[in-house]
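One structure below.
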Amino acid sequence: MDIAWVGRLGAPRESLEELQQQLKPTPAAKAVFITDWQGKREQARYAFLLEQGGQAQLAPPTFGPRYGEAGAQALRELVSWLEQQGVTNFKETVISPYDFQRLVWAAGPAQIQALLAAANPTDPAIYREVLHTPSPA
């Protein structure tokens, strides 16, 4: 499996723009959100994996509320953009914080296969709605 890195660690807006420019998702693609938090989405950080046709494109941890409103907004926009591209196969996998850090520096074909095998179906609405940070009153 070929792996391409897309995006920059901890840079939500820049990574989203790079993903939108470089990814060419098809309806057959698997969109996998990778996190190190279970049950605490308001604190989560996410890496992102797009797998299609034996190719993996991986964005390092840069999305989600852990990166502030910019990270939460970039995650919402990523999900909406993927849906606009026809992607319907959304998955999530939770890995330990240690493995999450290693993912950033050492993801190879075996690790990507393990992430795909461990991923469970998820509802993309979770990332659009549950992670919405309300505006201050």
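The values are calculated or read from the model by the stated rules, or taken from the named source; none is laboratory data. As the structure is a computational prediction, the values presented were derived from the model and not from experiment. Backbone-built Cβ (ideal geometry, glycine too); neighbour counts: all protein chains shown.
Every condition in (1) farther than 23 Å from ILE126 by Cα; (2) under 13 Å from the mean Cα position of the chain (by Cα); (3) modelled with pLDDT of 90 or more holds for ALA72 except the one numbered (1). Whether any residue in the range 23-42 is out of contact with any strand residue (DSSP E or B) (no Cβ under 8 Å at 6 or more places or on another chain) and either part of a strand (DSSP E or B) or of a type in the set (A, V, I, L, M, F, W, C) (or both) is what I want to check. Checking the range 23-42: not a single residue is out of contact with any strand residue (DSSP E or B) (no Cβ under 8 Å at 6 or more places or on another chain) and either part of a strand (DSSP E or B) or of a type in the set (A, V, I, L, M, F, W, C) (or both). In the set TRP105, TRP81, only one residue is at pLDDT 90 or above and surrounded by fewer than 19 Cβ atoms within 10 Å (Cβ to Cβ); that residue is TRP81. Given the structure, is GLN21 buried (at least 21 other Cβ atoms within 10 Å of the Cβ) and under 19 Å from GLN85 (Cα atoms)? No; evaluated as a whole, the condition is false for this residue. Per the listing LEU116, LEU82, LEU50, the residue uniquely out of contact with any Gly (no Cβ under 8 Å at 6 or more places or on another chain) and more than 22 Å from GLN20 (Cβ to Cβ) is LEU116. Out of contact with any strand residue (DSSP E or B) (no Cβ under 6 Å at 6 or more places or on another chain), surrounded by 12 or more Cβ atoms within 10 Å (Cβ to Cβ), assigned to a strand (DSSP E or B) and in contact (Cβ under 8 Å) with a residue 12 or more places away in the chain - does that describe any residue in the range 115-126? Scanning the range 115-126 turns up no residue that is out of contact with any strand residue (DSSP E or B) (no Cβ under 6 Å at 6 or more places or on another chain), surrounded by 12 or more Cβ atoms within 10 Å (Cβ to Cβ), assigned to a strand (DSSP E or B) and in contact (Cβ under 8 Å) with a residue 12 or more places away in the chain. Within the range 43-82, the set of residues being aliphatic (A, V, I, L, M) and part of a helix (DSSP H, G or I) comprises ALA70, ALA72, ALA74, LEU75, LEU78, VAL79, LEU82. Restricting attention to the range 84-98, the residues being assigned to a helix (DSSP H, G or I) and surrounded by 15 or more Cβ atoms within 10 Å (Cβ to Cβ) number 0.
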